[in-house]
Amino acid sequence: MTVLRRVFFTAVALVSLFLGGVVCLMCQVLAGRDAPTYRVEGHVVSHTRGALPVGGNEDAVSHSIAVDADDRNFRVTAVDPGLDLPTGQPVTLDVSTADGSIAYLRAGGGVVDLRQGVVRPVLLIVASLLALGAVYFGAVRLNVYPPVATWLALALGAILAPVAVFVRV
């Protein structure tokens, strides 16, 4: 029975680590999405179009542009008609201070939002927290090991998860 408890304790700790890592990673994605930006001016140096089936729509067209701005080259690919820009078009980029990705592209009076959506990260956070609660409810309910060990596993997962996420970066 002690071997079963050790294996189960290790499994709960690893599941806690994984689910806590998912929560931390999605929080990092949301924080990076709304991070402060700085503005860079440049011009489009190349533009290509390609078919990109999105959500069953075979007629979706992706636009890839390369922008030369402040001695840096940026490349943007998205399914957005606002990126259908001619070569030489002056553009302004709002670049995220968190990860250097382009948040907004401004050209000819239009603004294209290139940030990731919030639905997927929020759903992953909610699902991970529900799964984490179910794991701990099941562990305590099954009386496989005492509640103190459950909280120790939770603390271990909560401490190690952010470390695992930021080591990845």
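Computed quantities for the displayed model
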| item | result |
| --- | --- |
| Out of Ala161, Ala78, Ala155, Ala107, sole residue that is modelled with pLDDT under 75 and surrounded by 16 or more Cβ atoms within 10 Å (Cβ to Cβ) | Ala161 |
| Odd one out for Ala131 among (1) within 26 Å of Leu30 (Cα to Cα); (2) surrounded by 16 or more Cβ atoms within 10 Å (Cβ to Cβ); (3) modelled with pLDDT under 85 | (2) |
| Residues (more than 12 Å from Gly32 (Cβ to Cβ) and either surrounded by fewer than 16 Cβ atoms within 10 Å (Cβ to Cβ) or in contact with a Pro (Cβ under 8 Å, 6 or more places away or on another chain) (or both)) located in segment 90-104 | Pro90, Thr92 |
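The values are calculated or read from the model by the stated rules, or taken from the named source; none is laboratory data. The model shown is predicted, which means the values in this text are computed figures rather than measured ones. Cβ sites come from the backbone with ideal geometry, for glycine too, and all protein chains shown count toward neighbours.
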